[in-house]
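To start, the structure under review is shown below, and the notes come after it.
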Amino acid sequence: MIGKGKADGAYEEIERMIIFQEIAPGSLVSESMLTASTGYGRTPVREALQRLSREGMVQIHPSKGVLVPAASVDTQLRLLELRRVLECLAVELACTRALAEHRKQMAIMVDRLKQEEFTLGTYLETVKETHLLIVAAAANEYLADALAPAQALSRRFWIAHMRDEEHQISLGSTLHTKILRSILVGDESAAKAASLALNDYLADFAYGVLGHRRPSRNKDSTAA
């Protein structure tokens, strides 16, 4: 029986390959290709693919291979409908449940987001760490399980349609910093408003891919 670490390692590497489009959307790949590309054995890769399938990153077709579906605007917008609700809950819980160690790490992350000159790769790793930190502070494992795939699929869409890397990284850094600062001072209202602002940005980005403006929402729908 393999150790959990190998399956997790295979998962993270295949997820990275998909997000950065090293495996092109619409591609059909084999387990043997993935074992060769990742350096992990068949069993860890198979376990990783089952997990990625449950999260919507891949579709497994027996005897044919593994399909990496294209990331559509419609799918992204439906994901964001879920993500905005779950992230509001996460930041609200984090405001009251964050432990001293969580707050210490958040303060470090704020400094990193303000000062570091990011590449696209290092920025995405920082964002992923930020999301994991907030969910850890929220102290609800069910919330963590629900949010992780929505956030990963959103990152994939964002990368796929990136045009102005420096500008988008700057916007994302500012929005994530506001969320963390609000949690650090325990301001639930500000944390939820900052979380909604991040999701509004992601929705604007998705509509921008279509060349459209995001439809305005009712004021009450973004007030809390």
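Please treat every number below as a calculation from the coordinates, not as lab data. Everything numeric in this text was worked out from a predicted model, so none of it was measured. Because the Cβ atoms are built from the backbone with ideal geometry, glycine has one as well, and the counts that use them run over all protein chains shown.
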**Filter on K6/K128; K128/K192; K6/K192; K6/K178 - keep pairs with C-alpha separation over 29 Å** = K6/K192; K6/K178
**Item:** Rounded Å value of the spacing that divides the Cα centres of region 144-207 and region 1-45
**Value:** 26 Å
**Request:** Based on other C-beta atoms within 10 Å, arrange T126, T119 from fewest to most.
**Result:** T119, T126
**Prompt:** In which sequence would L132, L86, L79 go, from the one with the fewest C-beta neighbours within 10 Å to the one with the most?
**Reply:** L132, L86, L79
**Asked** Distance in nm between label sites at I108 and A139, each 7 Å beyond Cα in the beta-carbon direction?
**Response** 2.1 nm
**Request:** Output the Cα-based Rg and Dmax of region 1-108 in Å, rounding Rg to one decimal and Dmax to a whole number.
**Result:** 17.3, 51
**Item:** Helical mean residue ellipticity (222 nm; -39500 (n - 2.57) per DSSP H run of 4+; nearest 500) of the chain
**Value:** -24000 deg cm²/dmol
**Prompt:** Relative to a virtual label point 7 Å from the Cα of E165 in the Cα→beta-carbon direction, which members of region 6-45 show backbone nitrogen distances below 15 Å?
**Reply:** 20-22
**Pairs of Cα atoms farther than 25 Å apart, the chain, %** = 43 percent
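Starting from the eigenvalues of the Cα gyration tensor, five times each then square-rooted, give me the equivalent ellipsoid semi-axes of region 4-67, largest first, whole Å.
Semi-axis lengths for region 4-67 are 16, 13, 11 Å.
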**Asked** What is the gain in length, in nm to one decimal, between S53 and K6 on full extension, counting 0.36 nm per residue of separation less the C-alpha to C-alpha distance?
**Response** 15.2 nm
